[in-house]
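The values are calculated or read from the model by the stated rules, or taken from the named source; none is laboratory data. No experiment lies behind these values; they were computed from the predicted model shown. A quick note on method: Cβ atoms are made from the backbone with ideal geometry, for glycine too, and the neighbour counts reach across all protein chains shown.
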Amino acid sequence: MRRSLLVIAATVCVAGCHTFHPTSVADLTPGEDIRARITGAFSDSLSTILGGDTRIVEGSYVESTRSSVFIDIPVSSAYRGMRLQTLSQRVEVPTTAFLELERKQRSRARTGLALGAAVTASIAIIISQLSGDTGGGVPPGGGGPVDAVVNTPSVSLGNLLAWVWSR
């Protein structure tokens, strides 16, 4: 339960940290991450490389000439030992094939909000764990000690928000 909650939170945080802004080929610098919406005709010619009808292409800008742009497009990823290796294909895209061109940039506001939410959730979980009764002790009438039982509370977004607002 907690592992899946952490995976979902991490995915939301990473996805929310970037935005795309419209740009032109002249404003790009080599190595910059870009996203391009291309024409259907050129998308058909890329289908053999990318495996399908892809009208939106994401990759890394390499260089440009007067009539074309070179982009490194990730084609596949595979683990080699403990490392994830991403294989890219350098593709020459004619400037006439671009319908839209966008630059990927980190959003400070979204990153700050995601980080704040993660810190708040972590603090709320730690406080709830530390403030709970751990059990144990001697039952009435003797009988000896009882094993300590730690009850792990179920964490849901509704319970977490209710707890935060009640403080």
Pair list, Cβ under 9 Å, 6 or more apart: segment 66-81 residue farther than 23 Å from G52 by Cα, other residue among the hydroxyl-bearing types (S, T, Y): R66/T95; S67/T95; S67/T96
Out of all the residues in segment 49-63, is one or more within 19 Å of P22 (Cβ to Cβ), charged (D, E, K, R) and in contact with a Leu (Cβ under 8 Å, 6 or more places away or on another chain)? no
Would you mention how many residues in segment 48-68 are under 19 Å from Q105 (Cβ atoms) and among the basic types (K, R)? 0
Per-region count, segment 53-73, residues in a loop (DSSP other than H, G, I, E, B) and under 18 Å from S43 (Cβ atoms): 3
Go through segment 100-131 and count every residue that is farther than 26 Å from S77 by Cα, modelled with pLDDT of 90 or more and among the aliphatic types (A, V, I, L, M). 0
